[in-house]
Amino acid sequence: MQLTFNQIVIPPGRNLLLKDIDWSTLEELLEELGETRAARLSYSQGMLEIMVPLAEHEAGKEIIGDLVKVILEEWGIDFWALGSTTFKNSAMAQAIEADACFYIQHEAMVRGKKRIDLTNDPPPDLAIEIDISSRTRFDNYEKLGVPELWRYDGEHLEINVLQNGHYVTSATSIHFPQFPLVEAIPQYMKQSQSVGRNATMKAFRAWVRSYLS
């Protein structure tokens, strides 16, 4: 009897690692699982990781994603938010699904596209990972050339920028250099847990405007 991926049960907050998975098998898996699923996938040269996020994880990615949108809206910058879109490059044997991602500088190049293939299209300018139950591996993002990666562990924000093919921890974002986000994002994340999303977004929007005025 052949085991199918839909028969595998992964509890929320847990990861499953599979080795020696070829590219065609990855494509079959993505087709089998479909786009409306809870699991996140990460693939690098035969190693496949499948993770099922916790509710805390999902709430974190939504709030941080909304905070980024506030900055971009107030700054008047067009962007394309693609959530957990699967990004693939078959030539590099790499695939990743970020918790949230944004096209900012390259927004016009992907605007309105229904499918994105990194063999031809640019990678997202900013990717966000919520590292509450596991720690993000850098390999995929580095090899796919994502310029900036944020990691939030429930208390701290770590900003990583790509330099000479490798990530370097930075005190500021290359996309939003004037904002002290390493301090501000955790502060507003904590605030959202006590006063709610809408009040937090209103306060954050006012904070952003204070830097832009």
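The values are calculated or read from the model by the stated rules, or taken from the named source; none is laboratory data. Bear in mind that the values here come from a model prediction, so they are computed numbers and not experimental data. Neighbour counts are summed over all protein chains in view; Cβ atoms, including those assigned to glycine, are modelled from backbone coordinates with ideal geometry.
Taking helices (runs of 4 or more DSSP H) that fall entirely within the stretch 101-213, which contain at least 1 residues that are in contact with a strand residue (DSSP E or B) (Cβ under 9 Å, 6 or more places away or on another chain) and surrounded by fewer than 17 Cβ atoms within 10 Å (Cβ to Cβ)? Reasoning before the result, please.
Working: elements: 107-110, 139-144, 181-195, 197-212.
In the stretch 101-213, the matching helices (runs of 4 or more DSSP H) lie at 107-110, 139-144, 181-195.
Which members of the stretch 65-87 meet the condition of being within 20 Å of residue 144 (Cβ to Cβ) and part of a helix (DSSP H, G or I)?
Of the residues in the stretch 65-87, the ones within 20 Å of residue 144 (Cβ to Cβ) are 65, 68, 79-87.
Within the stretch 65-87, 65, 68 meet the criteria.
Is it true that some residue in the stretch 73-81 is in contact (Cβ under 8 Å) with a residue 24 or more places away in the chain, within 11 Å of the chain's Cα centre (by Cα) and surrounded by 16 or more Cβ atoms within 10 Å (Cβ to Cβ)?
Taking every residue of the stretch 73-81 in turn, none turns out to be in contact (Cβ under 8 Å) with a residue 24 or more places away in the chain, within 11 Å of the chain's Cα centre (by Cα) and surrounded by 16 or more Cβ atoms within 10 Å (Cβ to Cβ).
Give me the pairs, please: first residue somewhere in the stretch 11-39 and in a loop (DSSP other than H, G, I, E, B), second residue anywhere and at pLDDT 70 or above and not aliphatic (A, V, I, L, M), beta-carbon distance under 8 Å, and either six or more positions apart or on two chains.
Partner pairs satisfying both residue conditions: 19/46; 20/46; 21/43; 21/46; 22/46.
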